[in-house]
Amino acid sequence: MTEVDRITNSDSMKLVRSDSLGNDYIGFNLNKEPFNNVKVRQAISYAIDTESIISGVYNNVGTLATSTMGPAIWGFNDKLKGYSYDLEKAKALMAEAGYKDGFKTTIWTNDNKARMDVAEVVQSQLKGLGIDLEIKVVEWGAYLEGTGKGEHDMFILGWSNMTGDADYNQYFLFHSAAHGNTGNRAFYSNPKVDDLINKGRQETDPEKRLAIYAEAQEIEMNDAPMIFFRNSEYISAIGKNVQGFWIHPSGVYMLDDVTVK
């Protein structure tokens, strides 16, 4: 039984859950073959069962990601569905890309227990595509330096939005001016996406901004420079006699309306 289960089944405590501004993703280095091939990236996106990662690694803490940012962020496109698990479709895309027998590559992670577990799940699942995936656990400083320079193939990382606005995700993760340590460690470049991000920064009409970011997310999901698999979640245990407590998406405990009965 996990701690979450203990609290859920407790007579005296209850669990408070709240969407956060962060998410977790598996990225590709688009400057390296075969990840410069969009069909390879899409194939891997279909071959990874992200629901099993959330349940098996994170004990269902967090929600399934369907876009390149989570629902707590202003500008989230709720019309997107993400990549469903479909191994046959993944195999077909690999064959179209010229890699029907797979290939050998590496995935980087730092020594975070959950991320190392995710790497092992991905390693196992990608065997279905004939991909021989070596896991490299790298010290955090060396990890940031190496991925900033583009030394990696695949990698596992998270992103925490500091403003709650779409631009913080869009610019730093997807703009070609943000390659490397700025945030775009996938080295993704799409002139159309750059243009949309720039327009989103200049537009003052909220509805027009929403449309701009909706289009950008749709292009990004199709291009698949990263696999966003989990929207992170804050959880906290409180007494059942506590009322009015909630957690802001930024992680701040909201205590103004708390009462204890």
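Some points to look at:
- When only the Cβ of Lys, Arg, Asp and Glu is charged (+1, +1, -1, -1), the dipole of the chain relative to its Cα centre reaches about 160 debye.
- Net charge, Lys79 excluded, C-beta distance under 12 Å - Lys, Arg +1, Asp, Glu -1: -2
- Sorting 39-45, 62-68, 94-100 by average packing, meaning the other beta carbons within 10 Å per residue, from highest down gives 39-45, 62-68, 94-100.
- Kirkwood Rh in Å, taken over the range 32-93 so that all alpha-carbon pairs contribute: 13.1 Å
- Taking a straight line from the alpha carbon of Lys261, these lysines sit under 30 Å away, with near neighbours fewer than eight places off in the same chain left out: Lys14, Lys240.
- Think of the chain as a dipole: +1 on every Lys or Arg Cβ, -1 on every Asp or Glu Cβ, centred on the Cα centre; then among Tyr168, Leu30, Ala237, Ala237 lies furthest on the positive end.
- Antiparallel DSSP beta bridges within the chain, as percent of all bridges there, nearest 5: 70 percent
- Among Asp101, Asp223, Asp24, the ranking by other beta carbons within 10 Å of each residue's beta carbon, starting with the fewest, stands as Asp101, Asp223, Asp24.
- Ranked for footprinting exposure by Cβ neighbours inside 10 Å, fewest first, Phe155, Phe35 give Phe35, Phe155.
- Answer label, with log10 I(q)/I(0) by the Debye sum over Cα atoms at q = 0.09, 0.14, 0.17 Å⁻¹ calculated from the coordinates and candidates (i) -0.40, -1.00, -1.48; (ii) -0.44, -0.99, -1.34; (iii) -0.48, -0.94, -1.35: (ii)
- Percent RCO, i.e. relative contact order, over the chain, from Cα pairs under 8 Å lying at least 6 residues apart: 33 percent
- Inter-part distance where the range 105-177 and the range 29-103 are each reduced to a Cα centre, Å: 13 Å
- Degrees, to the nearest 10: 191-202 long Cα axis against longest axis of the chain: 30 degrees
- Length-normalised contact order of the range 170-230 in % [C-alpha pairs under 8 Å, at least 6 apart]: 25 percent
- Note on the chain: helix-only mean residue ellipticity at 222 nm, from DSSP H runs of 4+ residues weighted -39500 (n - 2.57) and normalised by residue number, equals -11000 deg cm²/dmol.
- Extension gain (nm, one decimal) between Asn198 and Glu151, 0.36 nm per residue minus Cα-Cα: 14.1 nm
- Listed residue (Gly150, Ile107, Asn222) projecting farthest to the positive dipole end of the chain, Cβ model: Ile107
- Residues Asn59 and Tyr85, FRET efficiency given R0 of 25 Å [Cβ-Cβ distance, rounded to 0.05]: 0.85
- The residue among Asn59, Trp159, Leu210 whose Cα reaches farthest toward the positive pole of the charge dipole of the chain, with charges on the beta-carbon of Lys, Arg, Asp and Glu, is Asn59.
- Helix 140-149 and the longest principal axis of the C-alpha atoms of the chain enclose an angle of approximately 40°.
No value in this document is a laboratory result; all are computed from the given coordinates. Every value quoted in this text rests on a predicted model; they were computed, and no experiment measured them. Here Cβ is always computed from backbone atoms with ideal geometry, including for glycine, and neighbour counts include all displayed protein chains.
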